[in-house]
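See structure below.
The values are calculated or read from the model by the stated rules, or taken from the named source; none is laboratory data. Since the structure is predicted, the reported quantities are computational estimates derived from the model, not experimental observations. So basically every Cβ, Gly included, is an ideal-geometry build from the backbone, and we count neighbours across all protein chains shown. Please note that ligands, DNA and RNA were not included when accessible areas were found on the heavy atoms of the full protein model with its side chains. Shrake-Rupley method; radii C 1.70, N 1.55, O 1.52, S 1.80 Å.
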Amino acid sequence: MLGFNRRFAPLVVRMRQLLQACAEPAHFVMTVNAGAIPADHWTRDPGVGGGRIVGEACHFVDLVSFLAGARVVRVQAERLPDDGAVAMLRFADASTA
């Protein structure tokens, strides 16, 4: 079970309300800097933690999906050194993140 809790933060709920008034697709830029994790940390074990994308980035994909009010239909991503990544998301309503 996974708890996507960021979408319930009061300011995020307010952002979603404000964005719903926009008729055009939205374009989001999100930068996350979570700090370094040692190579032997459990989150970096593919069998246990799945890395930062599975363990942490999924929360931000859910957050931007909530803000867009649409489902992700296309992903372009590249893994960066040291367990980092850069991704471009396209949503069903033509929004991007």
* Taking amide H positions as placed 1.01 Å from N in the peptide plane, with prolines and chain starts having none, which residues 5 or more places from residue 85, or on another chain, fall under 5 Å of its amide H? -> 80
* Phi-based couplings in Hz for the stretch 9-24 (Karplus 6.51, -1.76, 1.60; Gly and Pro marked x) -> 5, x, 6, 5, 4, 5, 4, 4, 4, 5, 5, 5, 6, 7, 7, 8
* Structure fact -> Once phi for every residue in the stretch 55-69 is put through the Karplus expression 6.51 cos²θ - 1.76 cosθ + 1.60 (θ = phi - 60°), the whole-Hz ³J(HN,Hα) values, with Gly and Pro written as x, are x, 10, 4, 4, 5, 7, 5, 4, 4, 6, 5, 4, 5, 6, x
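So how strong a dipole does the stretch 1-96 carry about its Cα centre when Lys and Arg Cβ are +1 and Asp and Glu Cβ are -1, to the nearest 20 debye?
The dipole magnitude comes to about 360 debye.
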* Structure fact -> Sorted on mean Cβ neighbours within 10 Å (highest first), peptides 63-74, 13-24, 45-56 come out as 63-74, 45-56, 13-24
* Structure fact -> Under the helix-only model (-39500 (n - 2.57) for each DSSP H run of 4 or more, divided by the residues of the chain), the mean residue ellipticity at 222 nm, to 500 deg cm²/dmol, is -6500 deg cm²/dmol
* Computed accessible area, residue 75, all protein chains, 1.4 angstrom probe, square angstrom -> 90 Å²
* To do: Over 16 Å, how big is the tail of the calculated P(r) for the stretch 1-45, in percent of all Cα pairs?
  => 65 percent
* **Solvent accessible area, Å² - residue 27, 1.4 Å probe, full protein context** => 130 Å²
* **the chain, accessible surface, carbon-and-sulfur percent (1.4 angstrom probe)** => 59 percent
* Could you pull out every residue, at least 5 positions away or on a different chain, whose amide H is within less than 5 Å of the one on residue 30? Hs are placed 1.01 Å off N in the peptide plane, and Pro or chain starts have none. => none
* 10 Å binning of all Cα-Cα separations within the chain, expressed as whole percents from 0 upward -> 14, 43, 31, 11, 1
* Karplus couplings for the stretch 91-97 from phi (6.51 cos²θ - 1.76 cosθ + 1.60, θ = phi - 60°), rounded to Hz, Gly and Pro as x? -> 10, 4, 8, 6, 5, 9, 8
